[in-house]
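For reference, the structure discussed in these notes is given below.
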Number of protein chains: 2
Amino acid sequence: MLQSKLFSKTRRESPKDDVSKNASILIRAGFINKEMAGVYSFLPLGLRTLNKIIQIIREEMDALGGQELLMSALQEKETWEASDRWDDDVVDVWFKTKLKNNTEIGLATTHEEPLTKLLTEHIHSYRDLPTLVYQFQTKFRNELRAKGGLLRTREFIMKDLYSFCRDKEEHGKVYESLKKAYVKIFERVGLGDITYLTFASGGSFSPYSHEFQTVTLAGEDNIYVDEGKRIAVNAEVLKDEVLSDLGLKKEDLIPKKAIEVGNIFTLGTRFSEALGLVYADEAGVKKPVFMGSYGIGPARLMGTIIEALGSDNEMIWPENVAPFRVHLINLGNDKNAKEQTLKIYKTLTDKGVEVLCDDRDGATAGEKFGDADLIGIPLRVVVSEKSISSGGVEFVDRRDGKVSIISAKEAVEKLK
Amino acid sequence: MLQSKLFSKTRRESPKDDVSKNASILIRAGFINKEMAGVYSFLPLGLRTLNKIIQIIREEMDALGGQELLMSALQEKETWEASDRWDDDVVDVWFKTKLKNNTEIGLATTHEEPLTKLLTEHIHSYRDLPTLVYQFQTKFRNELRAKGGLLRTREFIMKDLYSFCRDKEEHGKVYESLKKAYVKIFERVGLGDITYLTFASGGSFSPYSHEFQTVTLAGEDNIYVDEGKRIAVNAEVLKDEVLSDLGLKKEDLIPKKAIEVGNIFTLGTRFSEALGLVYADEAGVKKPVFMGSYGIGPARLMGTIIEALGSDNEMIWPENVAPFRVHLINLGNDKNAKEQTLKIYKTLTDKGVEVLCDDRDGATAGEKFGDADLIGIPLRVVVSEKSISSGGVEFVDRRDGKVSIISAKEAVEKLK
C-alpha cells in the first residue's frame, strides 16, 4: 500500500486519557481509535495485524479438526436461565437491552449456553463425538472499569472453541491437543519465549484449569515460574499440596507479573446437563456430553505483544503479525530515487509481498523514520539518492539493527 | 471436508415458525440456526458461503482503493446527538443499553457519525481526499417485526463503505465507480441477470439514490423494469417527470417484485457539517467534506440467492458462492469404491480444491442425494461400484443436469 493513500495519520502525542503503553503506541501509530472507555475501532494497519493473529489461531484450530461457525451476539433470556447465568448477581458483566415488545435480551459475554443448545439438534450419538466447534465472535462485557488499553475492553473479538466429548477420558486427549496448539499459537505470534503454561484453579470436573501467561511488567496477574520446566503456577493456587502434585519446588519458582493471553478449561457436564445435550453410547444409553472451553482474545494478544516488545516510542512487530512484511521508504526529493522506490514497490507487490511504501512527498526523513518506528514493521528498505550512489538500497533488519547496502534486485530476492 | 465429521445435520422438516424459503432451506441444510426471531447463527456450511460473498465484495472494494477498518458496535450518545440521530423518535431501530455507571449507550445501526468523527483526526487537507473507507461489521437493528429469514434481521453483518470527497464533482466520479463495482459484485455472486440498478428517492444533495434490486417473487419492493436499458425505477419515484428525466417510457416498464440487495447514497455535507469534518482546499479555505454511503448485507444477499434460485427442496448455488467447489459422494458398501472416493478426495484437497466428501457409512443413496440437493453444491462427483465398473466416476453438473461417466483422473483435471 502507498502510504500517501493511507488515511490514518500518526500522532506525536499520547492520548491524555489512555495511560497503557499498548493503547498509547497503537493510537499514535494509527492502528486503533478509542471510541469510548474500553471500546476501540481498528484502523487499516491495526486490522491487518489483528487479522494476521486471527488467521494464525484459525489455522491451528483447523489443524485439530475444529469447525468454524459464527453465533449471534443477541441472546435470549431463557437459554441462560437454564444454566442459572442470566441473573446480574451471577454474571455481573451483562449488557442487557429490550426488543420493541419489551422482551429482555442480552449481549453475549460468552457462548457455552447457546452453542450447547444448538448442538442438541446435531449431536445424538457417540459417533458424533468428539466435536470441536469454534468462532471469532464479538463479545460484550459490561466491565465496571475498562483498563489497560486492549487488555480489558467492553467489546472484543474472542476466539472461543468448545469441545464436546463422550467422557473425561476422550476429553483429556482433546484437552492435551488444544494445549499443544496454544503453545504453537503463542510461538507463531512471537511470544513463545515469554509465555508459560500456567496452572490455575479448576472446577468441579478437574483440579486445575490452564492459563497461558505472558511475562511482562504490565501484567495484572502474579505467577510463579519454573524456568527449567517452562511452566508456572498462578498465585491463586500456590500451595504446598499443589506444588507437590505438580512436582515443583518452591525454591525453583520466580515470581513474575504476567498477562493472561489464553485459557483452557474443563467444563464437564455442567452445561450439557443444564441444556439437555445428551448422546447415546454404544449400548444406546443416553449420557451427558463432556465439554471443555478454550479462549483467546486476538486483540488482547495484540496489546500484549506491544506491552512485551514495545518501548515508549517504538515498536518492532514479530514478523508473522506485522501489518506489512516490509516498509519501503523513499527519502529526499531525487526524482530517480522516487522512481526506483516505486519500481521496487511494484516488483514486490506483483510477487505478492505485502509492502507499505512511504512515497509521501511532503514528509522529512525524520518524520518518515519516526512514523516507521511507531508503525513497527521489522524489515525496512530505504531508497535515496545516497543509497543509490552507494550501490542500491539500505536494507535494515530492525530486530538486530543490521544495516547493509545491497542492490534493489538482492533486496527483492531477500523479501519474496 | 469429510461429511462424516461435519457436525451439522440436515433436517427433513421445515422449521414451523420460519415461513420464508431462504430460512427454510438454510435451516434444513444446516447452514444457519435460528437463535430467536430475526437472529441467526451461521454454521460451518453457511459461514463458508457467507465468507465467499464477503470476499467477493472485499475484492471489489479494494480494487477501488477502499481501506478496510472495523468499528465498534457500542456507541456513545454524544456522537449521535451531534447529528440529531440519537432520539428513538428519529431513528426507531436503536437497541440501547447502559454502562455500570448508568451512562446510556447504543448499538450501532450504521456508522456515518462515528466514522465521520474519527476522520476529523485524519483528514485535514484536499490532499487527503478522496478517501474510501469500508468495513464488514455487525449492525443491530431493533426491527418491530423481523421477517423473511435472512432478509430482515435484528443482527447482521453489513459491508458499509463511506466515501469522502472534496466536492460534488469529485463525489460524482467516486459514486459512478461504486455503481460499477456493485454491478460486478452481483454478477460474481450469480445474480447479475436478475439484478437491476434502480432509481429511488434521493435526499437534499441529489435527486436520486440508487438501489440494486433483485427480481424475485419473495421481494417486498415494487419496481418497474426497463429490460432493454437494464435499469428500473422504484415505485416510490414512478412519476412522469422522473421518467422523462431518466429518458424512460411508461410503456416499456414492467412491474416486478424485488429484493433490495444494495444501495448507494449521496450524503453530501450533512454529517461532515454536524461532526466538524472539514478540509483545507488549495487556497487554504476550510470546507466540509462531501460524503456518500454504500451498503450491502452479505447475509441478505445469501438469502436473496436462495429466494431467486432455490426451489422448495433443492438449492443450486452459483459456483462462486457454493460452500465447496464439489460434492464428492460415495455410494454403497463396496470397499474399493470407498477407497477410490477417499483417494480422489485426497488428490483434490492436496491441489487446493474445496471438497465436501460424503463418506458416511450409515446413510442410504436416497439420504445422501437428498442432503446433497439441499446443500446445493453445483458440481457433483459420484463414486460407486457401478460407476467404477462403467469406467470411473459419475460427473454431474446440476445446473444443466448433464451427467457423464469419466475417469477419476479426468474428474480431477476438470476440477483443479
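The values are calculated or read from the model by the stated rules, or taken from the named source; none is laboratory data. All figures in this text were calculated on a predicted structure; none of them were measured in a lab. With ideal geometry, Cβ positions are generated from the backbone for all residues, glycine too; neighbour counts draw on all protein chains shown.
Residue count for the range A:111-133 satisfying the condition of being farther than 17 Å from A:LYS286 by Cβ and without any contact (Cβ under 8 Å) to a residue 60 or more places away in the chain: 5. A:ASP17 satisfies every condition listed in (1) modelled with pLDDT of 95 or more; (2) over 30 Å from A:PHE271 (Cα atoms); (3) acidic (Asp, Glu); (4) surrounded by fewer than 20 Cβ atoms within 10 Å (Cβ to Cβ) except (1).
Yes/no per residue for (1) over 30 Å from A:GLU319 (Cα atoms); (2) aromatic (Phe, Trp, Tyr); (3) touching a residue at least 12 places away in the same chain (Cβ under 8 Å):
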| position | (1), (2), (3) |
| --- | --- |
| A:ASN51 | no, no, no |
| A:ALA63 | no, no, yes |
| A:MET71 | yes, no, yes |
| A:VAL91 | yes, no, yes |
| A:THR103 | yes, no, yes |
| A:GLY106 | yes, no, yes |
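So for the range B:120-136 (the condition being over 24 Å from B:PHE290 (Cα atoms) and either surrounded by fewer than 18 Cβ atoms within 10 Å (Cβ to Cβ) or touching a helix residue (DSSP H, G or I) at 6+ places or on another chain (Cβ under 7 Å) (or both)), does at least one residue qualify? Within the range B:120-136 (the criterion being over 24 Å from B:PHE290 (Cα atoms) and either surrounded by fewer than 18 Cβ atoms within 10 Å (Cβ to Cβ) or touching a helix residue (DSSP H, G or I) at 6+ places or on another chain (Cβ under 7 Å) (or both)), the answer is no, since none of the residues qualifies.
Go through the range B:85-140 and give me each residue that's under 27 Å from the mean Cα position of the chain (by Cα), basic (Lys, Arg) and at the interface with chain A (Cβ under 7 Å from one of its Cβ atoms). Answer for the range B:85-140, where residues must be under 27 Å from the mean Cα position of the chain (by Cα), basic (Lys, Arg) and at the interface with chain A (Cβ under 7 Å from one of its Cβ atoms): just B:LYS96.
The condition of being small (Gly, Ala, Ser) and in contact with a helix residue (DSSP H, G or I) (Cβ under 8 Å, 6 or more places away or on another chain) does not hold for B:GLY352.
Per-residue answers, yes or no, for (1) over 30 Å from the mean Cα position of the chain (by Cα); (2) at positive phi; (3) not basic (Lys, Arg):
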site: A:GLU339; (1), (2), (3): yes, no, yes
site: A:LEU342; (1), (2), (3): yes, no, yes
site: A:GLY370; (1), (2), (3): no, no, yes
site: A:ASP373; (1), (2), (3): no, no, yes
site: A:LYS386; (1), (2), (3): yes, no, no
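Selection over the range A:60-77 of residues that are closer than 25 Å to A:LEU144 by Cα and either within 7 Å of chain B (Cβ to nearest Cβ) or surrounded by fewer than 17 Cβ atoms within 10 Å (Cβ to Cβ) (or both) gives a count of 5. On inspection, B:ALA372 fails the criterion of being assigned by TED's automatic domain parsing to the domain that holds B:LEU331, under 22 Å from B:LYS9 (Cβ atoms) and touching a helix residue (DSSP H, G or I) at 6+ places or on another chain (Cβ under 9 Å). Of the residues making up the range B:149-162, not a single one is out of contact with any Gly (no Cβ under 9 Å at 6 or more places or on another chain) and small (Gly, Ala, Ser). What residue, among those in the range A:146-174 that are within 12 Å of another protein chain (Cβ to nearest Cβ) and part of a strand (DSSP E or B), is farthest from the chain's Cα centre (by Cα)? Going through the qualifying residues, I end up with A:PHE164. Contact annotation: residue pairs with Cβ atoms under 6 Å, 6 or more positions apart or on different chains, pairing a residue in the range A:295-306 that is in the same structural domain as A:GLY192 (by TED's automatic domain parsing) with a partner that is in a strand (DSSP E or B) and not hydrophobic (A, V, I, L, M, F, W, C), are A:GLY295/A:ASP160; A:GLY295/A:ASN263; A:ILE296/A:LYS159; A:ILE296/A:GLY262; A:THR304/A:THR214.
Can we say A:GLY284 is in a strand (DSSP E or B) and under 30 Å from A:ARG166 (Cα atoms)? Full working, then the answer.
Numbers: in a strand (DSSP E or B): no; under 30 Å from A:ARG166 (Cα atoms): yes.
For A:GLY284, the condition - in a strand (DSSP E or B) and under 30 Å from A:ARG166 (Cα atoms) - is not met.
Considering only residues in the range B:83-111 that are among the acidic types (Asp, Glu) and in a loop (DSSP other than H, G, I, E, B), the one that is farthest from B:ALA146 (Cα to Cα) turns out to be B:ASP84. Among the residues examined, A:GLY46 does not qualify as within 13 Å of another protein chain (Cβ to nearest Cβ), in contact with a His (Cβ under 8 Å, 6 or more places away or on another chain) and either hydroxyl-bearing (Ser, Thr, Tyr) or not in a strand (DSSP E or B) (or both). For the range B:107-116, the count of residues that are among the small types (Gly, Ala, Ser), under 29 Å from B:ILE32 (Cβ atoms), in contact with a strand residue (DSSP E or B) (Cβ under 7 Å, 6 or more places away or on another chain) and surrounded by 18 or more Cβ atoms within 10 Å (Cβ to Cβ) is nonzero. For the range B:209-223, filtering for residues that are touching a helix residue (DSSP H, G or I) at 6+ places or on another chain (Cβ under 7 Å) and modelled with pLDDT of 95 or more leaves 7.
Contact annotation: residue pairs with Cβ atoms under 6 Å, 6 or more positions apart or on different chains, pairing a residue in the range B:321-350 that is part of a helix (DSSP H, G or I) with a partner that is of a type in the set (S, T, N, Q), are B:VAL321/B:THR49; B:ALA337/B:SER384; B:LYS338/B:ASN330; B:THR341/B:ASN330.
Please find, within the range A:7-28, the residue that is nearest to B:SER163 (Cα to Cα) out of those that are within 12 Å of chain B (Cβ to nearest Cβ) and in contact (Cβ under 8 Å) with a residue 40 or more places away in the chain. This residue is A:THR10.
If the condition is being surrounded by fewer than 23 Cβ atoms within 10 Å (Cβ to Cβ) and in contact (Cβ under 8 Å) with a residue 24 or more places away in the chain, then the range B:40-49 contributes B:PRO44, B:ARG48.
Once the range B:220-269 is narrowed to residues that are part of a loop (DSSP other than H, G, I, E, B) and touching a residue at least 60 places away in the same chain (Cβ under 8 Å), the residue that is surrounded by the fewest Cβ atoms within 10 Å (Cβ to Cβ) is B:GLU220.
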